[in-house]
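The values are calculated or read from the model by the stated rules, or taken from the named source; none is laboratory data. Quick caveat, the model's predicted, so the values are computed rather than measured. When we count neighbours, we look across all protein chains shown, and the Cβ atoms used for this are built from the backbone with ideal geometry, even at glycine. Accessible surface is based on the protein model in full, side chains and every heavy atom, while ligands, DNA and RNA are left aside. Shrake-Rupley method; radii C 1.70, N 1.55, O 1.52, S 1.80 Å.
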Amino acid sequence: MKLSELARILGAELHWPNGSQAEDPRIDGVGPIQDSGPGHVTFLTSPQYARYLSDTRASAVIVGSATADVAIPQLVHANPYWAFAKATQVFFEPRAARPGISQRADIAASASLGAEVSIYPFVCVDEGAKIGDRVVLYPGVFVGADAVIGDDSVIHANAVLESDSCLGERTIVHAGVVIGGDGFGFAPGPGGLAKIAQSGRVTVDDDVEIGANSNIDRGALADTSIGRGTKIDSQVQIGHNVVVGQHCMICGMTAIAGSGKLGNGVLVAGHSAVSNHCEVGDGAKVGGMTGISKNAPAGGEYLGFPSMPAAEWRREQARLRRLPKLERRVKELEKTIERLLGNQSSGT
Amino acid sequence: MKLSELARILGAELHWPNGSQAEDPRIDGVGPIQDSGPGHVTFLTSPQYARYLSDTRASAVIVGSATADVAIPQLVHANPYWAFAKATQVFFEPRAARPGISQRADIAASASLGAEVSIYPFVCVDEGAKIGDRVVLYPGVFVGADAVIGDDSVIHANAVLESDSCLGERTIVHAGVVIGGDGFGFAPGPGGLAKIAQSGRVTVDDDVEIGANSNIDRGALADTSIGRGTKIDSQVQIGHNVVVGQHCMICGMTAIAGSGKLGNGVLVAGHSAVSNHCEVGDGAKVGGMTGISKNAPAGGEYLGFPSMPAAEWRREQARLRRLPKLERRVKELEKTIERLLGNQSSGT
Amino acid sequence: MKLSELARILGAELHWPNGSQAEDPRIDGVGPIQDSGPGHVTFLTSPQYARYLSDTRASAVIVGSATADVAIPQLVHANPYWAFAKATQVFFEPRAARPGISQRADIAASASLGAEVSIYPFVCVDEGAKIGDRVVLYPGVFVGADAVIGDDSVIHANAVLESDSCLGERTIVHAGVVIGGDGFGFAPGPGGLAKIAQSGRVTVDDDVEIGANSNIDRGALADTSIGRGTKIDSQVQIGHNVVVGQHCMICGMTAIAGSGKLGNGVLVAGHSAVSNHCEVGDGAKVGGMTGISKNAPAGGEYLGFPSMPAAEWRREQARLRRLPKLERRVKELEKTIERLLGNQSSGT
């Protein structure tokens, strides 16, 4: 692909070195700025990598704004990180799934399969399940009774979709994911812990992606639901009755406890948690290793456990680092006072 | 089912509105207080939901003690949360498992199968394994050599029970669980880390439930064991040689490190950890995001890392929030002293 | 096996009780010091267990240095923990894998299989995959297209090796592990989060072991790689483009975020995290529940979040425990000052 063609696809403006158009180079891939070679387009989205720009062997670079003395063509885009993402899609050739339905898959009589599905060996689709058009089910996937998978979704190997779960269109479920296992609800009483029947479902909207070995538990009385376009990393746990809004990002090893609620556009960094019944508002950012222990209003940034606004947490951390100094200041005061008192008593 | 019949099953006392028995309504489900409709029994176990009671459209409510001016019949039970749990069981109709043994399952010649088992396609049962009566093995389950599964247990899709593992009766193992993988034991030496053979087993007692994608590692020399009636949430990790007592609850994303020990009736909240060789006593409560770093005596409540009694942790958190004030007080003292010293020197 | 033969294998020096060789006992297993019986060799690697030495019923003990008044033969080794590990290997008889290739496995025509492989039912090996000699694939394993598994590796049930992933020789992958799922990379833009194509691979070097339900995500542009001899516990998450060195140990419920880097011989304790792009130097030790939030130089020990040298963290914890005292000291100063000021004003 010619560079000018790529610029057109990305909606980027092309700045030629020294202002004059040279040859239109052929681009065949995307690479990191340090390791790119001829034919690669690279990208500059963080100022800390700017120093590599003069030495890169890439044929072009995606930037947020053009710089004067750059030796290679620049693709200028107001959102260079997004343009970079788009570029990786342009050059990525996903492997074609094996067409058709394996004789070694087990499809229940009452299940319905869409057109052009790809079903690998050892897939089991239970009674009443509905599989949309062009869905890919990799080996070992189990689709429980009456579960629904929307068109163009891809379910990777050994993922499990328990009965009644409902996935939208273009969802991507990675290997080992479990959707619709029982939520964790028990009441102590005579003879031990009585199980609260988990009779809700899991509903996952269109364009959601769920990373390897994550799980989403089914609701107790109501449903657990994940909004359109939300992306969930690997090893994330989402408890029963949780409601996650649209276009959220939930990073690895994070747990959203039962009945937690995330608005739209929420970012939860890695190894964090949201406590039972807590709400995180639209557009809020939850930092790493943070435990949201009370409602976190929209738009804020939160850190710590107990959770607090990030700026407050940072000030508290600074104060903790100043504790040795505070202790010394108090010691100093004590000495001065002692001296003063000594002076006084010797003075009287 | 008539309400009076439900009251009888739950062992609850029926209080009619205005003290006089009206019609005995038909109940066909359980619902949350805000979203219930006619035919639902709802429940009130937390005072914060009491305000919804006047508006609920439910036909009856489970409560801990009767209130005078409630328009619907009240089911009074000393343990309303437990009565609610029981009610969910009354109205929950679990899906019947597919009867019989799939021709597409692989059962070793020396394995033994109980009566009325349900074995789905792509299940593999290895040599010497013993499967009890009425056990359900969903698709993709692997039961290793000489493993034992007690009567009436249900193992969900793609769960793995490694060789020699032993499950009691009525256990529920959710999808993706791994029981009996090697514990993590290595000794540094010449040529790298030497593996300590993990020759113990995992034993899981009756009525235990294990959530999706959790795992319990086999012991090194002794066994890892989980006591009767204990409930384990999703994404929990239990290391080798851990001993968990009876009727514990271990919430999601929690790790119990090697040789940790939990007594009976212990509650561990989510995203927590128990360090190697640490013991948590009977009835203790471990809060969320807590790292038990030394023994936690019975009956206590613990928080923080390093762990401490919860009351102490809360006081420490309050003190941290007061740090800005403490700094100001020290500053104030310093100014006063300076002034005093100034007075003194000017006074002498 | 005679004890003298075991001493020879371990490279340990044999100290007989009272300095004189008695009978050469037969040893048939390894046991913990409290629970061993005749025929067992036990070990003493921690002084806290020394008190059990006089009462142990074991036939011999592995120690770091001989003690005078021990009634049983002592195997003296400079690295007793390593000698213990070796001893467990001597007496461990791993179960033989089922020989041959199950008729119920699904092997793509273009896949290549080494000599003496053991392939269980319901294994699926995709096009172009290369399986080395003596490799064992347990039930439900999926090996993606063009993936490579080195000689003598063992992949446990339902583990998934996505396309292009590459495992070295003698690797052990436990049940439920996912290697090569997509990394977590998205760029916000018009219409939601645009996926950054994850076109890198995962490469895992020789002698690596990966615990149950862990996962290693494939790289975005470059590869994710795990160095020779590194051991990864259960429920660990390793993000895209992470580079882990040789002979590291990464304990359970730990997450290494995208582009994190671990040197050689790094130890990361349980329930910890390394933030994006952070580096942990050779031989560093990361404590439990720690979040590495900036580069952690080689050889150091780190704790806390934000992370700091362990000694600093411990001092800070001590200071936090002293906060009540500090508050009282400030209160005392305030009173004294007030009294002083009172004296002064009454004195003038």
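Among the residues making up the stretch A:181-203, those that are assigned to a strand (DSSP E or B) and either closer than 16 Å to B:Gly229 by Cβ or open to solvent by less than 10 Å² (accessible area, probe 1.4 Å) (or both) are A:Gly181, A:Phe186, A:Ala187, A:Pro188, A:Gly189, A:Gly192, A:Leu193, A:Ala194, A:Lys195, A:Val202. Pairing each residue of the stretch C:312-325 that is within 11 Å of A:Pro324 (Cα to Cα) and facing another protein chain (nearest Cβ under 8 Å) with any residue that is in a helix (DSSP H, G or I) and among the aliphatic types (A, V, I, L, M), provided the two are 6+ apart or on different chains, yields C-beta distances under 6 Å for C:Arg319/A:Leu323.
Among the residues making up the stretch B:154-170, those that are buried (at least 24 other Cβ atoms within 10 Å of the Cβ) and away from chain A (no Cβ under 14 Å) are B:Leu161, B:Glu162, B:Ser165, B:Leu167. The single condition from (1) in contact (Cβ under 8 Å) with a residue 40 or more places away in the chain; (2) within 25 Å of A:His277 (Cα to Cα); (3) small (Gly, Ala, Ser) that B:Ala58 fails is (1). Screening A:Arg98 on (1) within 14 Å of chain C (Cβ to nearest Cβ); (2) closer than 30 Å to C:Gly189 by Cβ; (3) part of a loop (DSSP other than H, G, I, E, B) shows it passes everything except condition (2). For the stretch C:181-198, the set of residues classified as within 28 Å of the chain's Cα centre (by Cα) and either more than 7 Å from every other protein chain (Cβ to nearest Cβ) or small (Gly, Ala, Ser) (or both) consists of C:Gly181, C:Gly183, C:Gly185, C:Gln198, listed by residue number. Taking the stretch B:283-292 as the range and being touching a Phe, Trp or Tyr at 6+ places or on another chain (Cβ under 9 Å) and surrounded by fewer than 20 Cβ atoms within 10 Å (Cβ to Cβ) as the test, only B:Lys285 passes.
Is there a residue in the stretch C:294-304 that is at the interface with chain B (Cβ under 10 Å from one of its Cβ atoms) and more than 17 Å from the chain's Cα centre (by Cα)? Yes: one or more hits. When the residues of the stretch A:73-84 are filtered to those that are assigned to a loop (DSSP other than H, G, I, E, B) and free of Cβ contacts under 8 Å to residues at least 24 places away in the same chain, the one that is farthest from the other protein chains (Cβ to nearest Cβ) is A:Ala78. When you scan the stretch B:307-316, do you find a residue that is open to solvent by less than 60 Å² (accessible area, probe 1.4 Å) and charged (D, E, K, R), even just one? Checked against the condition, which is being open to solvent by less than 60 Å² (accessible area, probe 1.4 Å) and charged (D, E, K, R), the stretch B:307-316 yields at least one hit.
Only residues that are under 30 Å from the mean Cα position of the chain (by Cα), in a loop (DSSP other than H, G, I, E, B) and more than 9 Å from chain C (Cβ to nearest Cβ) were counted across the stretch B:123-140, and they come to 7.
Scan the stretch A:251-274 and tell me whether some residue there is open to solvent by 10 Å² or more (accessible area, probe 1.4 Å), closer than 22 Å to C:Leu323 by Cβ and touching a strand residue (DSSP E or B) at 6+ places or on another chain (Cβ under 7 Å). There is no residue in the stretch A:251-274 that is open to solvent by 10 Å² or more (accessible area, probe 1.4 Å), closer than 22 Å to C:Leu323 by Cβ and touching a strand residue (DSSP E or B) at 6+ places or on another chain (Cβ under 7 Å). Would you mind stating whether A:Ala87 is of a type in the set (A, V, I, L, M), part of a helix (DSSP H, G or I) and away from chain C (no Cβ under 13 Å)? So A:Ala87 does not fit the description; no.
The number of residues in the stretch B:171-180 being within 18 Å of the chain's Cα centre (by Cα), more than 7 Å from chain C (Cβ to nearest Cβ) and open to solvent by less than 10 Å² (accessible area, probe 1.4 Å) comes to 6. Scanning the stretch A:1-54 for residues that are charged (D, E, K, R), assigned to a loop (DSSP other than H, G, I, E, B) and free of Cβ contacts under 8 Å to residues at least 12 places away in the same chain gives A:Glu23, A:Asp35. When C:Ala298 is tested against (1) in a helix (DSSP H, G or I); (2) surrounded by fewer than 17 Cβ atoms within 10 Å (Cβ to Cβ); (3) in contact with an Asp or Glu (Cβ under 7 Å, 6 or more places away or on another chain), just one condition goes unmet, and that condition is (1).
Here A:Val70 meets the list (1) of a type in the set (A, V, I, L, M, F, W, C); (2) in a loop (DSSP other than H, G, I, E, B); (3) within 19 Å of C:Lys195 (Cα to Cα) almost entirely, failing just condition (3). Filtering the stretch A:326-347 to residues that are farther than 22 Å from B:Arg328 by Cα, more than 9 Å from every other protein chain (Cβ to nearest Cβ) and open to solvent by 70 Å² or more (accessible area, probe 1.4 Å) leaves A:Arg339, A:Ser345, A:Ser346.
Residue check: C:Arg57 meets all listed conditions (1) surrounded by fewer than 15 Cβ atoms within 10 Å (Cβ to Cβ); (2) farther than 24 Å from B:Gly189 by Cβ but one, namely (1). In the stretch A:35-45, what residues are farther than 9 Å from A:Val61 by Cα and touching a helix residue (DSSP H, G or I) at 6+ places or on another chain (Cβ under 9 Å)? A:Thr45, the sole residue that qualifies. In the stretch B:191-216, the residues that are at positive phi and at pLDDT 95 or above form Cβ pairs under 7 Å with partners that are of a type outside the set (A, V, I, L, M, F, W, C) and not in a loop (DSSP other than H, G, I, E, B), at six or more places apart or across chains, as follows: B:Asp207/A:Gly192; B:Asn213/A:Asn215.
Residue-by-condition table, conditions (1) within 11 Å of chain A (Cβ to nearest Cβ); (2) in a loop (DSSP other than H, G, I, E, B); (3) over 28 Å from C:Ala159 (Cβ atoms):
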| position | (1), (2), (3) |
| --- | --- |
| B:Gly219 | no, yes, no |
| B:Ala222 | no, yes, no |
| B:Arg228 | yes, yes, yes |
| B:Ser234 | yes, yes, no |
| B:His240 | no, yes, no |
| B:His247 | yes, yes, yes |
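Of the candidates C:Ile72, C:Ile101, the single residue that is surrounded by 14 or more Cβ atoms within 10 Å (Cβ to Cβ) and in contact with a helix residue (DSSP H, G or I) (Cβ under 7 Å, 6 or more places away or on another chain) is C:Ile72. A count restricted to the stretch A:104-122 and to residues that are in a loop (DSSP other than H, G, I, E, B), open to solvent by 30 Å² or more (accessible area, probe 1.4 Å) and among the small types (Gly, Ala, Ser) stands at 3.
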